[in-house]
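Here's the structure we're looking at; comments come further down.
The values are calculated or read from the model by the stated rules, or taken from the named source; none is laboratory data. As the structure is a prediction and not an experimental result, all values here were calculated from the model. FYI the Cβ positions are ideal-geometry reconstructions off the backbone, even for glycines, and counts take in every protein chain you see.
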Amino acid sequence: MRNAKGGGGAMVVLERPSNAIPRPKFGALLHSDKNVDDVVNHDDGGRNYKSWRRNSSFSPATAAMSPGYYYNESASQSPSVSVSPYAMSPWNPAASPYTKSPWMTSSPIVFSPFDDESPRNGLIGSLVREDGHVYSLAVSGDLLYTGSDSKNIRVWKNLADFTGFKCNSGLVKAIVISGDRIFTGHQDGKIRIWRTSTKNPKLHKRVGSLPSFKDSLKCSVNPNNYVEVRRRRNVIKIRHFDAVSCMSLNEEHGLLYSGSWDKTLKVWRIATSKCLESITAHNDAVNAVVSGFDSLVFTGSADGTVKAWRRELQGVGTKHFLVQILLRLENAVTALAVNKENGVVYCGSSDGLVNFWVREKRLSHGGVLRGHKLAVLCLAAAGNLVFSGSADKNICVWKREASGTHLCLSVLTGHTGPVKCLAVEEDRSEDEKNGDHDDHQRWIVYSGSLDRSVKVWRVSEQVPELKQMLAWEQQCASKGYAPSPSGRFNGDVSQKYPKRH
């Protein structure tokens, strides 16, 4: 593995040589089975949930197949280990006859439906820094901002650690960027505002918070501005008293929306940092908020509902009214995303499903995307694609066809922990800058995980032609393999997640 270290101990993982075999430590050999499932408890600010971690052996063939489209024959040629007693050890996966079973290992792709001109989708690199679990991220130009439970906000540039700044509060649960200002939502219920120095781009200075101290003081004088949050405890209504779990921008009207575990949705004027409205939106924690189309704002909650709010301007102020409850579930709503161009609202929930609604049909229910076995923790929409990250450590890439149906193009694998946050930007590669590109949109996807890493992917909207897929399936059938519609094989352990719906 070639590592490029950045400042402060950051590490950028670009690629792994195909002939590298991980050697287990002596303590690992004492376990009775290397493939035992462990239950890992993740602490999300006091809200615990469990995920399964499988200690499976990592093989070069598996790495070459991820995300499932391409295979490098040289990757399957492992170096000889006959000179080592480790080759005869029962702990060596290659020594076991079970590895020859198609149900235990990934079958090699002997034929690819993609020609040399097809876009190469997959992993570009990994950003690793021992700062804690990654809970939030945002992209602005060539800079990537990541927030973690270490109270640090790291800034990355060109797959390298660029700079960072620290706040003296709880974990960073949400990050949004408006112009030269960065808004961060925290576990302590505060929204902090940062600005980059004009003289030194590596220097970030805190310039305020929401609400401002002046507004808090002014509001505290009037008893009518207090609300009861717990028995014998009152707080001013313009301040979140629990974790700020989500934020969304409406840049057209200069508004910032914030949702909190205190069950409220608050509306802020970015120019003045004033709270315009505080709404008790749900009966439980607000987990997601997104500014949509047609003056609508959507909120999702742990109470299992998705609500649509319509914004109406009243003089210099604004007022939001509940217009529709899109969904009622027994499971918590964990993520929301909106495709404004196509007029589609997506909702992820703790049961692993993604529901969506279509504007053309007056926000009627459009269907369900089934691609995860555990909770969907984050969503992102760009172009005709939708990305869903899950506690099952995978990212499903969905494409919306002209007919309104959705096809799962691929599953991005590689994280060893739940995928907590996603961000997408247009691919600005050199060949596109020079005019050498086709009609298929390409995207750069950033995924943050509780495995303490951020992975960077390149994804295209291009779908293989039918004749290519048919030829591929025929070739696979002649070799005894069973391909799936998304480019994986039934022999691959990742096939237990459905791909097409």
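Report whether or not Phe183 is of a type in the set (A, V, I, L, M, F, W, C) and over 24 Å from Ser216 (Cβ atoms). Considered against the rule, which asks whether it is of a type in the set (A, V, I, L, M, F, W, C) and over 24 Å from Ser216 (Cβ atoms), Phe183 comes out as no. Among the residues of segment 274-312, those that are of a type in the set (A, V, I, L, M, F, W, C) and in contact with a His (Cβ under 8 Å, 6 or more places away or on another chain) comprise Ile279, Val297, Ala302, Trp309.
Hey, any hits in segment 373-395 for a residue that's surrounded by 24 or more Cβ atoms within 10 Å (Cβ to Cβ) and at pLDDT below 95? Checked against the condition, which is being surrounded by 24 or more Cβ atoms within 10 Å (Cβ to Cβ) and at pLDDT below 95, segment 373-395 yields no hits at all. Taking the residues in segment 271-296 that are of a type in the set (Gly, Ala, Ser) and outside any loop (DSSP other than H, G, I, E, B) as candidates, determine which candidate is surrounded by the fewest Cβ atoms within 10 Å (Cβ to Cβ). Per the stated criteria, the residue is Ser278.
At least 3 residues being small (Gly, Ala, Ser) and modelled with pLDDT under 95 is the threshold, and among the strands (runs of 3 or more DSSP E) wholly inside segment 121-173 those reaching it are 122-128. What are the residue pairs meeting all of these: first residue in segment 362-379, first residue touching a residue at least 60 places away in the same chain (Cβ under 8 Å), second residue of a type in the set (Lys, Arg) and not in a strand (DSSP E or B), Cβ atoms under 8 Å, and 6 or more apart or on different chains? Correct list of pairs: Gly371/Lys499; Lys373/Lys496. When Leu369, Leu377 are checked against the criterion of being touching a His at 6+ places or on another chain (Cβ under 6 Å), closer than 27 Å to Trp443 by Cβ and assigned to a strand (DSSP E or B), a single residue qualifies: Leu369. Considering the conditions (1) modelled with pLDDT under 95; (2) within 22 Å of Thr280 (Cβ to Cβ); (3) in contact with a Cys (Cβ under 6 Å, 6 or more places away or on another chain), Leu336 is excluded by exactly one of them, (1). Applying a threshold of 6 Å to beta carbon distances and a minimum spacing of six or more residues, or different chains, the list of pairs starting in segment 297-318 at a residue that is among the hydrophobic types (A, V, I, L, M, F, W, C) and ending at one that is assigned to a loop (DSSP other than H, G, I, E, B) reads Phe298/Gly292; Ala302/Asp284; Ala302/Ala285; Ala302/Ala332. From the list Asn283, Asn331, Asn234, exactly one residue is at pLDDT below 90, of a type in the set (S, T, N, Q) and more than 22 Å from Gly147 (Cα to Cα). Which is it? So the residue among Asn283, Asn331, Asn234 that is at pLDDT below 90, of a type in the set (S, T, N, Q) and more than 22 Å from Gly147 (Cα to Cα) is Asn234. Which numbered condition in (1) part of a strand (DSSP E or B); (2) touching a helix residue (DSSP H, G or I) at 6+ places or on another chain (Cβ under 8 Å) is the only one that Lys266 fails? Every listed condition holds for Lys266 apart from (2).
What about Arg311, is it at negative phi, in contact with a Gly (Cβ under 6 Å, 6 or more places away or on another chain), of a type outside the set (S, T, N, Q) and surrounded by fewer than 23 Cβ atoms within 10 Å (Cβ to Cβ)? Judged against the criteria, Arg311 is not a match. It is to be established whether one or more residues within segment 381-400 are within 21 Å of Ala138 (Cα to Cα), part of a loop (DSSP other than H, G, I, E, B) and in contact with a helix residue (DSSP H, G or I) (Cβ under 8 Å, 6 or more places away or on another chain). The answer is yes; a qualifying residue exists.
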